[in-house]
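*Asks:* Here it is, the structure, as structure tokens.
The values are calculated or read from the model by the stated rules, or taken from the named source; none is laboratory data. Predicted model, so just to flag it, every value in this text is computed and none were measured. Please note: Cβ atoms are built from the backbone with ideal geometry, for glycine as well, and neighbour counts cover all protein chains shown. What goes into the accessible areas is simple: the full protein's heavy atoms, side chains included, and nothing from ligands, DNA or RNA. Shrake-Rupley method; radii C 1.70, N 1.55, O 1.52, S 1.80 Å.
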Amino acid sequence: AKRQGRNGYHFYTREMNSHSYRYLVLENALAKALSRDQLEIHYQPQICLASGRVRGMEALLRWEHPQEGMLPPAQFIPIAEETGLIEGLGAWVMQRVCRDLQQLEAGGLRPEWVAVNLSPRQFRQADLVQTYRDILRQGDIPPQWIELELTESTLMQDVDAAVNSLRQLHHLGFRLAVDDFGTGYSSLSHLKNFPIHTLKVDRTFVQDAPEDANDAAIVTAIVAMAKGLGLEVIAEGVETSEQLAFVKGLDCGLVQGFYYARPAPLETLIPLLETPPRN
Ligand code: C2E
Ligand code: CA
Ligand code: CA
Ligand code: CA
């Protein structure tokens with residue numbers, strides 16, 4: 001957001017002005033949110049279609065704002081990204097995930113992996129690998145328990161740099177996933193150079209697939225390609241039984257969506273982790 005015009009004048013309409021005012025207020029509050037214990041992680045299960053088992057869980061950041069209530073990431077991640085606050089938030093997320101993994105492991109309830117999101121700015125962060133390595137060592141957590149999710153568009157911003165960074169994270173032992181796949185205009189040839197484990201089919205395709213022949217063709221092709229490349233594939237955003245039936249028909253490995261579970265505090269997911277697989 002431009003805060004000052006070229007000559008120091010502020011040519012703002014009332015609307016822009018109130019937008020930037022809200023931005024500044026949120027930026028200020030966000031800077032203090034960590035130390036004021038207002039951040040939380042919710043988890044959403046990633047379920048194996050064949051067994052019904054929870055194989056992974058995605059960690060999703062939540063901000064319990066004292067006046068505004070629970071704010072979704074869309075309202076504050078972009079601010080954190082622009083201001084650089086995301087680097088500290090990202091480290092905190094990893095610490096909290098490690099703590100939760102310790103607890104799950106101790107209770108015999110740990111899924112195979114917990115997925116953690118990385119924004120473009122974090123992915124470019126010079127000391128990212130070192131920061132993550134230190135956090136994992138402190139928590140005594142094997143990197144294999146964590147899957148880092150990068151969106152396809154993050155990876156496409158600078159493909160050579162991305163391959164290099166992915167290799168470092170892979171070398172450290174993290175699992176890697178391409179998030180929102182299908183929206184980022186990647187040349188498919190890049191995929192084979194990325195040391196990834198998982199493709200996540202963007203929810204816009206999954207949600208329209210039962211009604212829209214084009215979306216159906218796209219989801220079908222992505223699932224087939226992922227299988228051909230030996231990758232896990234997760235259909236995101238499955239909400240209805242029609243969407244579920246569609247991805248089941250493709251033998252898509254994993255699903256994540258409101259149909260099975262909304263993101264929720266870890267405690268509320270314990271029963272799902274304890275439940276033996278259906279069928
Ligand atoms: P994402 O990585 O694509 O995360 C999945 C989003 O889809 C989540 O939104 C989740 O609540 C939502 N979702 C899951 N299943 C369904 C469904 O069936 N229907 C619909 N309509 N939505 C579904 P959320 O939690 O609001 O997060 C939004 C975005 O914020 C994430 O998109 C991710 O890009 C970002 N984000 C969240 N947590 C973090 C974090 O810790 N670090 C970073 N860098 N970004 C994060
Ligand atoms: Ca994600
Ligand atoms: Ca996604
Ligand atoms: Ca998304």
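*Asks:* Tabulate in residue order the Karplus-calculated ³J(HN,Hα) for the range 80-92, using 6.51 cos²θ - 1.76 cosθ + 1.60 with θ = phi - 60°, rounded to whole Hz; enter x for Gly and Pro.
*Replies:* Result, ordered by residue: 4, 5, 5, 8, x, 4, 4, 5, x, 4, x, 5, 5 Hz.
*Asks:* Same structure, new question: Give me the percent of the accessible area of the chain that comes from carbon and sulfur atoms, probe 1.4 Å, all protein chains in place. Provide the component values of the computation, followed by the final result.
*Replies:* Details: 7100 of 14320 Å².
Taking all protein chains in place, the chain shows 50 percent carbon and sulfur surface.
*Asks:* Something else about it: Quick one: helix 14-33 against the long Cα principal axis of the chain, what's the angle to the nearest 10°, folded into 0 to 90?
*Replies:* Once rounded, one gets 70 degrees.
*Asks:* Taking a probe of 1.4 angstrom, what is the accessible area of HIS197 in Å², to the nearest 10?
*Replies:* The accessible area comes out at roughly 60 Å².
*Asks:* Then there's this: In deg cm²/dmol, rounded to 500, what helix-only [θ] at 222 nm does the chain give when every DSSP H run of at least 4 residues adds -39500 (n - 2.57) and the total is split over its residues?
*Replies:* Result for the chain, helices only: -14000 deg cm²/dmol.
*Asks:* So what's the net charge close to PRO265: Lys and Arg +1, Asp and Glu -1, counting the other residues with Cβ under 12 Å from its Cβ?
*Replies:* -1
*Asks:* Can you list residues from other chains, or at least 5 along the same chain, whose modelled amide H is less than 5 Å from the amide H of HIS65?
*Replies:* Amide H neighbours of HIS65, under 5 Å, 5+ apart: MET70, LEU71.
*Asks:* Return the long-range amide H neighbours of LEU49 (sequence gap of 5 or more, or a different chain), with a cut-off of under 5 Å between placed amide H atoms.
*Replies:* For LEU49, whose amide H was placed from the backbone, the distant partners under 5 Å are LEU254, VAL255.
*Asks:* Follow-up question, since we're still on this one. With every protein chain kept in place and ligands, DNA and RNA left out, what is the accessible area per residue of the chain? Probe 1.4 Å, answer in Å².
*Replies:* Ligands and nucleic acids excluded, the result is 51 Å² per residue.
*Asks:* Could you compute the net charge surrounding ALA33? Neighbours are other residues with a C-beta less than 14 Å from the C-beta of ALA33; K and R count +1, D and E count -1.
*Replies:* Net of charged neighbours comes to -1.
*Asks:* Right, next: Roughly how many Å² of TRP145 are accessible to a 1.4 Å probe, to the nearest 10?
*Replies:* The accessible area comes out at roughly 40 Å².
*Asks:* Return the sequence-ordered ³J(HN,Hα) values of the range 35-40 in whole Hz as given by the Karplus equation 6.51 cos²θ - 1.76 cosθ + 1.60 applied to θ = phi - 60°, using x for Gly and Pro.
*Replies:* Couplings: 5, 8, 6, 9, 9, 9 Hz.
*Asks:* Give me the net charge for the shell around GLY56: Cβ to Cβ below 14 angstrom, other residues only, Lys and Arg +1, Asp and Glu -1. Present the calculation step by step, with values, prior to reporting the outcome.
*Replies:* On the way: positive: ARG53, ARG55, ARG110, ARG175, LYS200; negative: GLU58, ASP100, GLU112, GLU147, GLU149, ASP179, GLU232, GLU236.
Residues near GLY56 contribute -3 overall.
*Asks:* Once phi is turned into ³J(HN,Hα) by the Karplus curve 6.51 cos²θ - 1.76 cosθ + 1.60 with θ = phi - 60°, what whole-Hz value does each residue of the range 205-217 show in order, with x for glycine and proline?
*Replies:* Running phi through 6.51 cos²θ - 1.76 cosθ + 1.60 with θ = phi - 60° gives 6, 4, 6, 8, 3, x, 9, 10, 4, 5, 5, 4, 5 Hz.
*Asks:* Using only the Cα atoms of the chain, each taken as one equal point scatterer with no solvent, compute I(q) by the Debye sum, divide by I(0), and report log10 of the ratio at q = 0.09, 0.12 Å⁻¹.
*Replies:* -0.46, -0.81
*Asks:* Let me have the relative contact order for the chain, percent, based on Cα pairs under 8 Å that are six or more residues apart. Spell out each step's value before the answer.
*Replies:* Working: 422 pairs, mean separation 50.9, N = 279.
Relative contact order, the chain: 18 percent.
*Asks:* Along the charge dipole of the chain, Cβ charges K/R +1 and D/E -1, which of THR83, LEU254, THR154 sits furthest on the positive end?
*Replies:* THR83
*Asks:* Shifting gears a bit: Taking the DSSP beta bridges in the chain as the whole, what percent of them are antiparallel, to the nearest 5?
*Replies:* Values: 15 of 38 bridges.
Percentage antiparallel, nearest 5: 40.
*Asks:* Between the range 115-143 and the range 155-196, how far is it from one alpha carbon centroid to the other, in angstrom?
*Replies:* 16 Å
*Asks:* Rounded, prolate or oblate, given the Cα gyration tensor of the range 139-230, with a/c below 1.5 counting as rounded? Walk me through the intermediate numbers first.
*Replies:* Details: a/c = 2.29, a/b = 1.74, b/c = 1.32.
Prolate, because a/c is 1.5 or more and a/b exceeds b/c.
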